[in-house]
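A.B. asks: Mind having a look at this structure? Questions to follow.
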2 protein chains.
Amino acid sequence: METQATQLELEKAASVLKLLGDKTRLSMVKLLEKNDCCVCEFVAIFDISQSAISQHLRKLKDLGVVKEKRKGQWIFYSLNRESELYALVENILRFVPDQDERISELEKQGLRISCE
Amino acid sequence: METQATQLELEKAASVLKLLGDKTRLSMVKLLEKNDCCVCEFVAIFDISQSAISQHLRKLKDLGVVKEKRKGQWIFYSLNRESELYALVENILRFVPDQDERISELEKQGLRISCE
DNA sequence: TCACTATATCAGCATATGCTAATATAAACA
DNA sequence: TGTTTATATTAGCATATGCTGATATAGTGA
């Protein structure tokens, strides 16, 4: 038996689903499940412009799915686990395959990420 | 602890989320969780054209989220519980509020549904 | 201060989406 | 058979979405 889920307004639930209904954003959120990431990491991982990455993160942040924290010149994004949406997001991510190879691929290619 | 979820391809998962990321379709699927519905019921419930209803159902059917069964002049839609997508759909629906008032509202207004 | 790096924002474009109105298809029934 | 009812399909339109390229903003460090 599954635990009781805190229900969301229909509209809010639909917004989250729509937001995660994009391959790039879903993949980003799955990556954030395990590790916080800075923007430049996403830029290295995905084959789209920095501008596009930034716009995806903006949407995720606007709805409260992720949050940001500046660390020197970098801005790290993480899942917003305090959000009322988090339970739903977490549940969805259980069905989404790990995106870790995206990172290890980068490492193999010597494009190792170094926002430290 | 939650049960182990059967994972879907990223692309497939994103398609489901995108599909359910529409208020009308999410509401439809939530209604189907409890009862099979024929098209005319949806038409009575939602404030959009019969054509629009039909198009939403088509999308849901194309991905395998719902299935249809003709009963005389009516076509009844139901959740496709055999689909590999069903576990995800079911899980999502736990976070979505009941849409039963939509039906009882109709009844109150004397617009009772009668596809029997 | 100036240059460099990281990130965000803006404008513009091509494509996707959801809707309506009109029409087609199919079952039911006189 | 012809009419009515239920549903699907098509065309066309307005708006939303995701992207790029250009530019703005902000921290870092010489």
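The values are calculated or read from the model by the stated rules, or taken from the named source; none is laboratory data. Since this is a predicted model, take the numbers as computed values, not measurements. Every residue, glycine as well, gets a Cβ built from its backbone with ideal geometry; the counts of neighbours run over all protein chains shown. Protein only, heavy atoms only, side chains kept; ligands, DNA and RNA dropped before computing areas. Shrake-Rupley method; radii C 1.70, N 1.55, O 1.52, S 1.80 Å.
A.B. asks: Using a Förster radius of 25 Å, what is the FRET efficiency between B:SER54 and A:LYS61 based on their Cβ-Cβ separation? Nearest 0.05, please.
C.D. replies: 0.10
A.B. asks: Could you provide, to the nearest whole Å², the per residue accessible area of chain B with probe 1.4 Å?
C.D. replies: 55
A.B. asks: Oh, and also: With N set to the residue count of region A:12-116, report its C-alpha Rg divided by 2.2 N^0.38 Å to two decimal places.
C.D. replies: Taking N as the residue count of region A:12-116, the ratio is 1.03.
A.B. asks: Report, in deg cm²/dmol and to the nearest 500, the calculated mean residue ellipticity at 222 nm for the protein assembly as shown, where each DSSP H run with n ≥ 4 adds -39500 (n - 2.57) and the sum is divided by the residue count.
C.D. replies: Rounded to the nearest 500, the figure is -15500 deg cm²/dmol.
A.B. asks: Quick one: Karplus J couplings for region B:35-46, per residue in order, coefficients 6.51, -1.76, 1.60, θ = phi - 60°, nearest Hz, x for Gly and Pro?
C.D. replies: Once rounded to whole Hz, the list reads 9, 5, 9, 9, 4, 5, 5, 4, 4, 5, 7, 9.
A.B. asks: Let me ask something else about it. Among B:11-20, B:100-109, B:79-88, A:97-106, what's the highest-first ranking by average C-beta atoms within 10 angstrom per residue?
C.D. replies: B:11-20, B:79-88, A:97-106, B:100-109
A.B. asks: Going through the cross-link list B:LYS61/B:LYS108; A:LYS12/B:LYS23; B:LYS23/B:LYS69; B:LYS23/B:LYS61; A:LYS18/B:LYS23; B:LYS30/B:LYS67, which pairs have a Cα-Cα distance over 19 Å in this structure?
C.D. replies: From the list (B:LYS61/B:LYS108; A:LYS12/B:LYS23; B:LYS23/B:LYS69; B:LYS23/B:LYS61; A:LYS18/B:LYS23; B:LYS30/B:LYS67), the Cα-Cα distance tops 19 Å for B:LYS61/B:LYS108; B:LYS23/B:LYS69.
A.B. asks: Give me log10 I(q)/I(0) at q = 0.25 Å⁻¹ for region B:1-73, Debye formula, one equal scatterer per alpha-carbon, no solvent.
C.D. replies: These q points yield log10 I(q)/I(0) values of -1.26.
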